[in-house]
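The values are calculated or read from the model by the stated rules, or taken from the named source; none is laboratory data. The structure displayed is predicted, hence computed values, not measured ones. Note that we place each Cβ from the backbone using ideal geometry, even for glycine, and neighbour counts take in every protein chain shown. The area values use the complete protein model at the heavy-atom level, side chains included, leaving out ligands, DNA and RNA. Shrake-Rupley method; radii C 1.70, N 1.55, O 1.52, S 1.80 Å.
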Amino acid sequence: MTSSLDPEIAARLKRSADGLLPAIAQQYDTGEVLMLGWMDDEALHRTLTTGRCTYWSRSRQEYWVKGDTSGHVQRVRSVALDCDADTVLVKVDQVGAACHTGARTCFDEDVLFRDDSGASAPQGRPATADQ
């Protein structure tokens, strides 16, 4: 499928072997990380031009607009590329749940580590610039 994505933007993108970019959805006003989806050039174009997040479903092999079936819409507030141009950060105003499970975010249920003491790194592991 030919995309209508601006050629200058398309030329900058570093896609995976299957032509996709990870797209992180973040609540624009709280910074809450909501979900990760995948976008190809066309999904990114649609996201930039419609103001609604459009993703590529790897399992269904089709585009989906967040909220079209669930009503849990993501209204786009800003879109940015990371420093390597291989990940998209979409700041959204999320209506309802972002996760397909019905949870507000996909990252609340399976927390592998949480340091509530205020320390900057897990005990016994020094903090580095890469963390």
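Values computed for the structure shown
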| read-out | value |
| --- | --- |
| Net dipole in debye of the chain [+1 Lys, Arg Cβ; -1 Asp, Glu Cβ; about Cα centre; nearest 20] | 220 debye |
| Whether the range 7-75 is rounded, prolate or oblate, judged on the alpha carbon gyration tensor where a/c under 1.5 counts as rounded | prolate |
| Heavy-atom SASA rank of Leu34, Leu112 (probe 1.4 Å, accessible area, largest first) | Leu112, Leu34 |
| Accessible-area order (highest first, 1.4 angstrom probe) of the listed residues Cys106, Cys83 | Cys83, Cys106 |
| The chain - Cys residues lacking any other Cys C-beta under 4.7 Å | Cys53, Cys83 |
| Net charge, Leu20 excluded, C-beta distance under 9 Å - Lys, Arg +1, Asp, Glu -1 | 0 |
| For the chain: relative contact order, % (alpha-carbon pairs under 8 angstrom, 6 or more apart) | 21 percent |
| DSSP beta bridges in the chain [antiparallel fraction, %, rounded to 5] | 80 percent |
| Formal net charge of residues neighbouring Cys99 (Cβ-Cβ distance under 15 Å; K, R +1; D, E -1) | -2 |
| Local electrostatic count at Asp108 - Lys and Arg +1, Asp and Glu -1, tallied over other residues with Cβ under 13 Å | -1 |
| Calculated Cα Rg over 2.2 N^0.38 Å (choose from (1) 1.17; (2) 1.00; (3) 1.22), label | (1) |
| Degrees separating the helix 41-50 axis from the principal Cα axis of the chain, which is the longest one | 90 degrees |
| Accessible surface of the chain, 1.4 Å probe, proportion on carbon and sulfur as whole % | 49 percent |
| Residue-level accessible surface for Ile9, protein heavy atoms, 1.4 Å, Å² | 50 Å² |
| Exposure of Asp18 as accessible area (Å², to 10), given a probe of 1.4 Å and all protein chains | 110 Å² |
| Among Gly118, Gly67, Gly19: highest mean-square fluctuation, GNM of the chain, C-alpha pairs under 10 Å | Gly118 |
| Protein-only accessible surface order, largest first, of Leu13, Leu89 at 1.4 Å | Leu89, Leu13 |
| Surface accessible to a 1.4 Å probe, Glu32 within the full protein complex, Å² | 60 Å² |
| Solvent-accessible heavy-atom area per residue, rounded to whole Å², over the chain at 1.4 Å | 64 Å² |
